[in-house]
Amino acid sequence: MDCPESLRTQAYFDGELDASSSLEIERHLGRCPSCRGRLQDLEHVRTMTRQIPSEPAPTALREQIDRILEREDRAARASRSVSERTRWRWNPFWTGAFSGVAASAVVALIAVPAMSPSVSDTLLHDLTVDQVRSLMPSHLIDVVSTDQHTVKPWFAGHTDVSPVVADFERDGYRLIGGRADYLGGQRSAVVVYQHGRHVINVFAWLASKTLLPTDTTRSGYHMTFWRAGDLDYCAVSDTSWQELRALKQLLRTSAQAG
């Protein structure tokens, strides 16, 4: 059974405690082997994470990514603008021509196709931006741990969802931590895995009635989507499609078993 101070030990490691609380935890660590071991594990994982080989992106690649993100941002804004003009133009006409359920049904049939591309484009844009930002120094992980029983409870106080969290190290997908991110107007959860030299971000957010995008590639990153229960998921990485979808299947199987 975990020590009641295990979460505060995690917060101590993350530098989230004030001076008084830090002193209390340091005293506690002196007499609690369980929390000392947890702190050592966290330090070990952080050391290993920092040793993952990385090289600065070439200037030409950075400029290309900036151009792609700027183009996608303009496209998303344009799509939203078209949707707003479409709703403004059609609503007065149908309100005057029809009444009751018939008018609502016709407006819905027209509005949904007009809005869906905008929602999809915005989601893909946000995922791409979050993926690129996560790979910048100190942005990848908020809670560093290979223990799913540490990562999953952390999401409870930092995000709006509780995603599937499991370690698949024996299958080649090592859990290295998680973080909170902002996606679609909500605090989404991101579970982070390492597969060889590749980092895989698995985003999770509350499902909506909007259909998920089909699997796609943006700015060199593959994105595969799925829905499990009341959550939508997207795994994002520059690893191969086969490896990315293998993790997706492991997570779907884990969700069904849970």
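Results for (1) over 21 Å from Phe225 (Cα atoms); (2) free of Cβ contacts under 8 Å to residues at least 12 places away in the same chain; (3) not in a loop (DSSP other than H, G, I, E, B), shown as yes or no for each residue.
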| site | (1), (2), (3) |
| --- | --- |
| Gln131 | no, no, yes |
| Leu140 | no, no, no |
| Lys152 | no, no, yes |
| Val161 | no, no, no |
| Val164 | no, no, no |
| Arg170 | yes, yes, yes |
| Ala180 | no, no, yes |
| Ser188 | no, no, yes |
| Val192 | no, no, yes |
* To do: Filter segment 194-224 for residues that are touching a strand residue (DSSP E or B) at 6+ places or on another chain (Cβ under 7 Å), more than 16 Å from Arg252 (Cβ to Cβ) and in a loop (DSSP other than H, G, I, E, B) and give the result.
  => Pro213
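Can you tell me how many residues in segment 1-24 are closer than 24 Å to Gln148 by Cβ and part of a helix (DSSP H, G or I)?
Taking segment 1-24 first, the residues closer than 24 Å to Gln148 by Cβ are 1-17.
After this cut, where a residue has to be part of a helix (DSSP H, G or I) as well, the list is 6-13.
The total comes to 8.
So is Gly100 modelled with pLDDT of 70 or more, on the phi > 0 side of the Ramachandran plot and not assigned by TED's automatic domain parsing to the domain that holds Gly196 or not? Break it down stepwise before answering.
Values: modelled with pLDDT of 70 or more: no; on the phi > 0 side of the Ramachandran plot: yes; not assigned by TED's automatic domain parsing to the domain that holds Gly196: yes.
Spelling it out, it is not the case that Gly100 is modelled with pLDDT of 70 or more, on the phi > 0 side of the Ramachandran plot and not assigned by TED's automatic domain parsing to the domain that holds Gly196.
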* Of these, Arg27, Arg38, which one is in a helix (DSSP H, G or I) and surrounded by 14 or more Cβ atoms within 10 Å (Cβ to Cβ)? -> Arg38
* Set Thr239, Thr150, Thr253: member being surrounded by 15 or more Cβ atoms within 10 Å (Cβ to Cβ) and at pLDDT 90 or above -> Thr239
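The values are calculated or read from the model by the stated rules, or taken from the named source; none is laboratory data. For clarity, every value in this text was computed on a predicted model and none was experimentally measured. Note: ideal-geometry Cβ built from the backbone for every residue, glycine included; neighbour counts use all protein chains shown.
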